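One structure is given here, and the rest of the page talks about it.
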Amino acid sequence: MVDSFKVNSDFHNTRLDKWFVHNIKNLPHSLIEKLIRTKKIKVNNKKVKSSYRLNKGDIIRLFGIGKYAVNKVKEKEKYLPSNKDLNILANIIIENNDNFIVINKPNGIAVQSGTNSFKNLNDILKRSIYFNNSKPFIVHRLDKETSGIMIFAKNRSYAQLFTSLFRIRKIHKTYHAVVKGNPEFKKKVLEDNLEYYDNNGDKYFQKAITNVKVLKNSNGYSILELIPVTGRKHQLRRQLFNIGFPIVGDKKYKIKKNNKADTNLLLHAHSLKFMIKKLRFNYKAAHPDYFENYLKSIIS
């Protein structure tokens, strides 16, 4: 049996394998790869790779896919935000329009649900008045412990646009951090090959680049401006730890004598700027109270 599908605008620039899982069935990725390799899945009557990015109007043909059973995924408990959770949004929204929303993320709340994160922003936004006729699309992330500026797209078109802008480094983010000690440099480019492990336990490395500027030294502490060029997991926290200046309040990447266990992580996504159709967008997120109070306590 042969089934044909025409790609609509919602899936323009989407990978073929992701389109398949979203629209057809959730098969193991290795099986999807095999089906594409053996020409059971074709685009415009041609064999393509799973990473092929679809165009609006492409014709996808499937040959005998019906016999394959879907992945059985254990249904996890869902998080239903309370009214108190939903009321948080009124105080953290920076921008809200038809295509995206910009918020000042509080620390201590995850972006999406995970093994150790039940309460999360994605589910709060999904059930809020700001997403009555749409759903939030996550286009970048902040650590649970990190506060600051975040964008959620409101439709697939803008989700793909923001994802592309992040990928080609056309969205510029600036962070503020407080560290113990006084770096000898005023400006520096940090370049590292950070070590990670995949799901099979195999080691791999990713290049990380961050521009660092010392904004102020006071009483043995330094306030830093951080502009990441790449976007790796825990990039800023790990790079500062590697040069001997871990962020105050970091419980994971820390030097024991420098760690302040009684404070939140003093890392804040302060600003974000980008351009769409020759229009410039520039947003800033105020420091949370605990961040400002800590600054006042160390600045003489």
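The values are calculated or read from the model by the stated rules, or taken from the named source; none is laboratory data. Bear in mind the structure is a predicted one, so any value in this text is a computation, not a measurement. A quick note on method: Cβ atoms are made from the backbone with ideal geometry, for glycine too, and the neighbour counts reach across all protein chains shown. Protein only, heavy atoms only, side chains kept; ligands, DNA and RNA dropped before computing areas. Shrake-Rupley method; radii C 1.70, N 1.55, O 1.52, S 1.80 Å.
Amide H contacts of residue 141 (H built 1.01 Å from N, in plane; Pro and chain starts excluded): no residue 5 or more places away or on another chain comes under 5 Å.
Amide H contacts under 5 Å for residue 26: 71, restricted to partners 5 or more places along the chain or on a different chain, H placed in the peptide plane at 1.01 Å from N. If you plug the beta carbon distance of residue 230 and residue 185 into 1/(1 + (r/R0)^6) with R0 = 25 Å, you get a FRET efficiency near 0.80. Full extension of the chain between residue 141 and residue 293 yields a length gain of 52.2 nm, computed as 0.36 nm times the residue separation minus the alpha carbon distance. Spacing of the modelled spin labels on residue 207 and residue 78, each 7 Å from Cα toward Cβ, amounts to 4.4 nm.
Quick check on packing: order 218-230, 18-30 by the mean number of other C-beta atoms within 10 Å, highest mean leading.
Details: 218-230: 16.8, 18-30: 15.1.
Ranked by mean Cβ neighbours within 10 Å, highest first: 218-230, 18-30.
Descending by average beta-carbon neighbour count within 10 Å, the peptides 232-245, 203-216 line up as 232-245, 203-216, the highest first.
Remark: the stretch 128-141, residue by residue, has Karplus-estimated 3J(HN,Hα) of 9, 5, 6, 10, 4, 10, 7, 9, x, 10, 7, 10, 7, 9 Hz, where x stands for each Gly or Pro and the curve is 6.51 cos²θ - 1.76 cosθ + 1.60 at θ = phi - 60°.
Between the beta carbons of residue 34 and residue 278, assuming R0 = 35 Å, the FRET efficiency works out to 0.20 to the nearest 0.05.
Gain on full extension, evaluated as 0.36 nm per residue between residue 6 and residue 44 minus their Cα-Cα distance, stands at 12.7 nm. Among residues other than residue 127 with Cβ under 14 Å from its Cβ, the summed charge is +3 (Lys and Arg +1, Asp and Glu -1).
When only the Cβ of Lys, Arg, Asp and Glu is charged (+1, +1, -1, -1), the dipole of the chain relative to its Cα centre reaches about 1040 debye. Per residue, the solvent-accessible area of the stretch 167-226 (1.4 Å probe, heavy atoms of protein chains only, all protein chains present) comes to 61 Å².
Amide H contacts of residue 148: 105, 269, each under 5 Å away and 5 or more positions distant or on a separate chain (H built 1.01 Å from N in the peptide plane; Pro and chain starts excluded).
Accessible surface of the stretch 176-300, 1.4 Å probe: 47 percent of it comes from carbon and sulfur atoms.
Can you send over the carbon and sulfur percentage of the accessible area for the stretch 1-158, probe radius 1.4 Å, protein chains only?
Carbon and sulfur together cover 47 percent of it.
Among 149-158, 78-87, 98-107, how do they line up from the highest to the lowest mean number of other beta-carbon atoms within 10 Å?
In descending order of packing, they fall as 149-158, 98-107, 78-87.
Calculated over the stretch 171-236, the projected area of the Cα convex hull averaged across directions stands at 5.3 nm². Remark: the residue 22-residue 133 segment gains 38.0 nm on full extension, using 0.36 nm per residue and subtracting the alpha carbon distance. Across the stretch 144-168, the residues whose backbone nitrogen lies under 19 Å from the label position 7 Å along the beta-carbon direction of residue 97 are 149-166.
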